[in-house]
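Chemist: Below is one structure. I have some questions about it.
The values are calculated or read from the model by the stated rules, or taken from the named source; none is laboratory data. Note that the coordinates shown come from a computational prediction; the quantities given were computed from them, not determined experimentally. Positions of Cβ are generated from backbone atoms using ideal geometry, with glycine treated the same way; all protein chains shown enter the neighbour counts. Protein only, heavy atoms only, side chains kept; ligands, DNA and RNA dropped before computing areas. Shrake-Rupley method; radii C 1.70, N 1.55, O 1.52, S 1.80 Å.
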Amino acid sequence: RLLDGGSRFVCEEVGLGAALWSRHSAIEEEGVLTDALLGMMIVRVTRFCCRDLRKRFVSTLSGGNELPSNLHLQASFIEIEKKGLPPVESGLPVLRKCEIAVPSHLKPRQAWLESLRGYTDDKLGIIDLHPDVFAVPPRIDILHEVAIWQKNFKRISHAKVKTRAEVRGGGRKPWKQKGSGRARHGSIRSPIWRGGGVSHGPRGPTSYYYMLPMKVRVMGLKVALTMKFAQDYLHIIDSLEMPSPDLQYLLDLARYRHWGDSVLIVDVNEDMPENILAATRYSKTVTVMPVIGKILFLWSKIKLRISNSYAIVT
């Protein structure tokens, strides 16, 4: 069956089709196609087909297909970000479980409980997170909609231009209606004149207030928390107690734990320790805010426009 059907196509591809097929025709006419001759033809075709594959395999093992030397990056240029492993069978106790019942088809998400008291207090225990908040489908459209609403619902534009009635001058007719040969005009403060008024311009203050439905805002918050948790950018700490009011201690701690360049710390209480308030009072990268009466979101209305990391106080 080697020289019938698809095997004939293989022979033609490797360049031996004409020779083998003509030889097969001559032998078939004589009726002396033996098993030995058929085996020899199979070996010849197999060797020719695998010759190029063997060359590619040897060049791959020898490094022939590697990147040029000018495209290789030094190891010092690549900063490998340390990601915290998920708390699976760590042996630590679960410090807090979900107070609200979890549906039977879902499982609670687990996260490490950290602390600000020391550099090594990053795995105090495990807490359960409800999947309805930290494991929702990533609706990027709702996230974008809520982000635009956060930017615009308190925006007031004060842009205002003067009309031809508000620009000083232009009370008399510049020249008579007929006889001068020039175009007729009634005022030098017309919008078509240089220095004249503006027609259809902004007449501020203009409010861009609108309100999204509560369900959409809550869904946007859930999507933001889910995505931050999936990217390992959401960290939960036990309290805001820190041993020093120095901002450099907080920055070194965030750098040691790979929290990112900017950190948004959200507390469930409005009364916060003095050390954390003193450390973040003049900081542009670390911000502390209470969660009561506010909407926790990526685009906060405070200093940080985009936060790389969250730290939520339980």
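Chemist: Amide H to amide H under 5 Å from residue 111: which residues, 5+ apart in sequence or cross-chain, H placed 1.01 Å off N in plane?
Modeler: Amide H neighbours of residue 111, under 5 Å, 5+ apart: 127, 129.
Chemist: Cα gyration tensor of the range 127-280, axes a ≥ b ≥ c as square roots of the eigenvalues: rounded (a/c below 1.5), prolate (a/b > b/c) or oblate?
Modeler: prolate
Chemist: A further question on this structure: Over the range 95-188, what relative contact order in percent results from Cα pairs under 8 Å that are six or more residues apart?
Modeler: Once normalised by length, the contact order is 19 percent.
Chemist: Same structure, new question: With a/c under 1.5 counting as rounded, go ahead and sort the range 176-219 into rounded, prolate or oblate using the C-alpha gyration tensor (a ≥ b ≥ c being the square roots of the eigenvalues; past the cut-off, prolate if a/b is larger than b/c, else oblate).
Modeler: Verdict is prolate for the range 176-219.
Chemist: Here's something else I'd like to know. Accessible area, 1.4 Å probe, largest first: how do 100, 156, 127 sort?
Modeler: Most to least solvent-accessible, the answer reads 100, 156, 127.
Chemist: With a 1.4 Å probe and every protein chain left in place, tell me how much accessible area residue 235 has, in Å² to the nearest 10.
Modeler: 20 Å²
Chemist: Compute the accessible area per residue over the range 168-301, keeping the other protein chains in place, probe 1.4 Å, unit Å².
Modeler: 61 Å²
Chemist: Out of the range 188-255, which trypsin sites (Lys or Arg not before Pro) are coil in DSSP terms and have no more than 11 other C-beta atoms within 10 Å?
Modeler: 194
Chemist: When the accessible area of the range 128-272 is split by element with a 1.4 Å probe, what percent falls to carbon and sulfur?
Modeler: That share works out to 54 percent.
Chemist: Please list 3J(HN,Hα) in residue order for the range 267-283, calculated via the Karplus relation 6.51 cos²θ - 1.76 cosθ + 1.60 where θ = phi - 60°; whole Hz, with x for glycine and proline.
Modeler: Each residue's phi maps through the Karplus curve to give 10, 6, 10, 7, 8, 10, x, 5, 5, 5, 5, 5, 6, 9, 5, 10, 8 Hz.
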